[in-house]
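The values are calculated or read from the model by the stated rules, or taken from the named source; none is laboratory data. From a predicted model like this one, the values you see are computed outputs, not experimental measurements. When we count neighbours, we look across all protein chains shown, and the Cβ atoms used for this are built from the backbone with ideal geometry, even at glycine. When the accessible area is computed, the model is the full protein with side chains, heavy atoms only, and any ligands, DNA or RNA have been set aside. Shrake-Rupley method; radii C 1.70, N 1.55, O 1.52, S 1.80 Å.
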Amino acid sequence: MIYFRFLDIPAYFIAYIIISFFGLCIGSFLNVCIYRLPLEDPAERSLVKRSSHCPKCGAKIRFYDNVPVFSWLILKGKCRNCKEPISKRYPLVESLNWFLYMLALTFIDVMNYPVHAILIALFFSVLIVIGFIDYDTMEIYPSQLGLIVILAVLDVIFGHTITIPQRIIGALAISVPFFIIGEVSRIFIKKKYGEDFRGIELGDTFLMLVSGLLIGPKCICASALIGIFTAAVVGIIAKAKGKESKLAFGPYLAIGLVFGSLFGNQMIDWYLNMLKAPEVYSMLLR
Ligand SMILES: [Zn+2]
């Protein structure tokens, strides 16, 4: 459902400009998080203390070379000082965050649920960080999950979307099956290969638990379906190309959670309505 038709055109235009600005600036900060949070040295891990610098030559990046996306394009993806290439990931993360904010503005009922829309946009930002760090390090940090809990609590107080019992069902709907699958697969893997690891990691399980608290039962189920499907497709392609088969699940769950939180209710309602339709039963019972 597209909601911006509820806004008159000038208001929508202004909202679009403001949200674009925040999307790009927060996207730029997400790059710092993705780059610094996995670092070993706690002093280097600080997100605010040090100014940005080129990872190759160490030159300080001036404010006019630090404008999201545009600076990368103007500098043609190279450091002004040492001319070494700057990773495409920087503009990618910034434009991805901008794009997801645009999706939130377009597909969430911002007129009736403005705070919920902002919280979901911030949820997308956390998911970008979780997805990229899990892709790099195969780890999801408790601090990242804690941020989602805070968003869920704020949504309870200001969001006015779903009830607390719905949130509890949402938290358990996917995390409990994921936990059971993880435990059962661990027993099998240990018996067969003698290695101790889970088919679904605890980080992924907790990600679905805290996200369910924020987005509720329908959206979390849709998210899990999209995430598992995406991971399966990518896994099959990777296997066909002969690449390593063990991949981080987090990035695919993050993709699932983005689309699940935007379209999950419609997806599940459509599915349930289809089951309710009498022609389905006459077809099955024939
Ligand atoms: Zn440099």
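See the values below:
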quantity: Residues satisfying the stated conditions in segment 70-90, i.e. of a type in the set (A, V, I, L, M, F, W, C) and either within 14 Å of the ligand (Cβ to nearest atom) or crowded, with 20+ Cβ neighbours inside 10 Å (or both); calculated: TRP72, LEU75, CYS79, CYS82, ILE86
quantity: Of the criteria (1) surrounded by 12 or more Cβ atoms within 10 Å (Cβ to Cβ); (2) modelled with pLDDT under 85, which one ILE2 fails; calculated: (1)
quantity: Qualifying residue in segment 200-215 (condition: without any contact (Cβ under 8 Å) to a residue 12 or more places away in the chain, in a helix (DSSP H, G or I), open to solvent by 60 Å² or more (accessible area, probe 1.4 Å) and out of contact with any Gly (no Cβ under 9 Å at 6 or more places or on another chain)); calculated: no
quantity: Test: residue in segment 245-262 that is over 21 Å from PRO177 (Cα atoms), of a type outside the set (Lys, Arg) and touching a Phe, Trp or Tyr at 6+ places or on another chain (Cβ under 7 Å); calculated: yes
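To keep it simple, each residue is scored yes or no on (1) touching a residue at least 40 places away in the same chain (Cβ under 8 Å); (2) among the β-branched types (Val, Ile, Thr).
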residue	(1), (2)
PHE29	no, no
ILE34	yes, yes
LEU37	yes, no
GLU40	no, no
ALA43	no, no
ALA59	no, no
TRP72	no, no
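Residue-wise test of (1) modelled with pLDDT of 95 or more; (2) away from the ligand (no atom under 16 Å from the Cβ); (3) open to solvent by less than 10 Å² (accessible area, probe 1.4 Å).
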| position | (1), (2), (3) |
| --- | --- |
| ILE61 | no, no, no |
| LEU92 | yes, yes, no |
| ASP109 | no, yes, no |
| PHE132 | yes, yes, no |
| SER143 | no, yes, no |
